[in-house]
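Asks: I'd like to ask you about the structure that follows.
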Amino acid sequence: MAVGVKVVARPGSLSQQLYLPAIAEGLGVTFRHFVKNFFGNITGRRDKTDIVTVSYPEEKLPYPARHRGLHRLMLRDDGQVRCVACMMCPTVCPAHCITIVPEEAADGSIEKRPKIFEIDELRCVVCGLCAEACPCDAIRMDTLEHAKPTYRRVDAILDKEELISRGIKSSAVQGGVGGFWREKVGDEPQTPPSGEVVPAGPPAGPVEPKLP
């Protein structure tokens, strides 16, 4: 059985078939927006135009409060870095961009401190896990600054001195609220200084049910 061919006429008028009027209409819309934005920009009325491009870095949009920016190291009351080289941040870092070399603290106020603390901002994925894992509030990412562009890769590695230069004194209590934190939080009895253990739950072993 032969297959027949049915010719379907192109719908629309002659002007629609030529496409020229539609092209002219589209160019007219483009020209109208161009004139409005161009003369509005050069006359200082950019807020009245449809321009959404930001001339960075001369113009910067405000970042949200939880924006993760460049790292910084916080300081103690005596001006020393709060980091105790516990190695939590390089351990949790998925990009392995943090390098810490610990050393003993000279004054004996803490067990150890970082001799070398470096962060490779080119490898950093800005996940914020280092700041979340730090138990001492020693590292933060709340500077609201981007990593600076560099010509050399080595210039993107931030050392301890540069990280400290953006830091401030932290008011966080290191080590929590103390050994008797339950008493301070929930008024629950704790181990007294004498060393006697106060049970916090039922005694060990099976408990006989109380008969009515």
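Asks: From the list 32, 10, which residue is basic (Lys, Arg), under 47 Å from the mean Cα position of the chain (by Cα) and open to solvent by 80 Å² or more (accessible area, probe 1.4 Å)?
Replies: 32
Asks: Yes or no: residue 144 assigned to a loop (DSSP other than H, G, I, E, B), under 26 Å from residue 62 (Cβ atoms) and at pLDDT below 90? First the steps, then the outcome.
Replies: Details: assigned to a loop (DSSP other than H, G, I, E, B): yes; under 26 Å from residue 62 (Cβ atoms): yes; at pLDDT below 90: yes.
Yes, satisfied.
Asks: Any chance segment 23-38 includes a residue that's closer than 30 Å to residue 135 by Cβ and free of Cβ contacts under 8 Å to residues at least 60 places away in the same chain? Before you say what the answer is, go through the steps one by one.
Replies: In the first step, residues of segment 23-38 are kept if they are closer than 30 Å to residue 135 by Cβ; the result is none.
Scanning segment 23-38 turns up no residue that is closer than 30 Å to residue 135 by Cβ and free of Cβ contacts under 8 Å to residues at least 60 places away in the same chain.
Asks: Still on this model: Can you name every residue in segment 65-87 that is surrounded by 12 or more Cβ atoms within 10 Å (Cβ to Cβ) and among the small types (Gly, Ala, Ser)? Step through it out loud before you land on a result.
Replies: The initial filter retains those residues of segment 65-87 that are surrounded by 12 or more Cβ atoms within 10 Å (Cβ to Cβ), namely 67-76, 80-87.
Scanning segment 65-87 gives 69, 85.
Asks: What tally of residues in segment 113-131 results from selecting those that are farther than 18 Å from residue 68 by Cβ and either of a type in the set (S, T, N, Q) or surrounded by 14 or more Cβ atoms within 10 Å (Cβ to Cβ) (or both)?
Replies: Filtering segment 113-131 for residues farther than 18 Å from residue 68 by Cβ gives 113-118.
Right, trim to either of a type in the set (S, T, N, Q) or surrounded by 14 or more Cβ atoms within 10 Å (Cβ to Cβ) (or both) and you get 113-114, 117-118.
So the count comes out to 4.
Asks: Moving to a separate point now. Would you check if residue 4 is exposed (fewer than 10 other Cβ atoms within 10 Å of the Cβ), more than 30 Å from residue 119 (Cβ to Cβ) and either modelled with pLDDT under 90 or touching an Asp or Glu at 6+ places or on another chain (Cβ under 8 Å) (or both)?
Replies: Values: exposed (fewer than 10 other Cβ atoms within 10 Å of the Cβ): yes; more than 30 Å from residue 119 (Cβ to Cβ): yes; either modelled with pLDDT under 90 or touching an Asp or Glu at 6+ places or on another chain (Cβ under 8 Å) (or both): yes.
Spelling it out, residue 4 is indeed exposed (fewer than 10 other Cβ atoms within 10 Å of the Cβ), more than 30 Å from residue 119 (Cβ to Cβ) and either modelled with pLDDT under 90 or touching an Asp or Glu at 6+ places or on another chain (Cβ under 8 Å) (or both).
Asks: Let me ask something else about it. Restricting the first residue to segment 123-138 and requiring it to be within 15 Å of residue 81 (Cβ to Cβ), which pairs with a second residue that is surrounded by 15 or more Cβ atoms within 10 Å (Cβ to Cβ) and hydroxyl-bearing (Ser, Thr, Tyr) meet a Cβ separation below 9 Å and a spacing of at least six or different chains?
Replies: 136/170; 137/170; 138/170
Asks: Go over the candidates 121, 103, 111 one by one and state the one that is within 21 Å of residue 153 (Cβ to Cβ) and of a type in the set (Asp, Glu). Steps first, answer last, please.
Replies: Details: 103 fails: within 21 Å of residue 153 (Cβ to Cβ); 111 fails: within 21 Å of residue 153 (Cβ to Cβ).
Going through 121, 103, 111 in turn, the sole match is 121.
Asks: Further question: Among the candidates 90, 102, 62, which residue alone is within 24 Å of residue 168 (Cβ to Cβ) and open to solvent by 100 Å² or more (accessible area, probe 1.4 Å)?
Replies: Values: 90 fails: open to solvent by 100 Å² or more (accessible area, probe 1.4 Å); 102 fails: open to solvent by 100 Å² or more (accessible area, probe 1.4 Å).
Residue meeting the stated conditions: 62.
Asks: Looking only at segment 166-185, how many residues end up being at pLDDT 65 or above, surrounded by 11 or more Cβ atoms within 10 Å (Cβ to Cβ) and polar (S, T, N, Q)?
Replies: Adding up the residues that qualify gives 1.
The values are calculated or read from the model by the stated rules, or taken from the named source; none is laboratory data. The structure presented is a predicted model; accordingly, all values stated were derived computationally and were not measured. Please note: Cβ atoms are built from the backbone with ideal geometry, for glycine as well, and neighbour counts cover all protein chains shown. Just the protein is used for accessible areas: all its heavy atoms, side chains included, with ligands, DNA and RNA removed. Shrake-Rupley method; radii C 1.70, N 1.55, O 1.52, S 1.80 Å.
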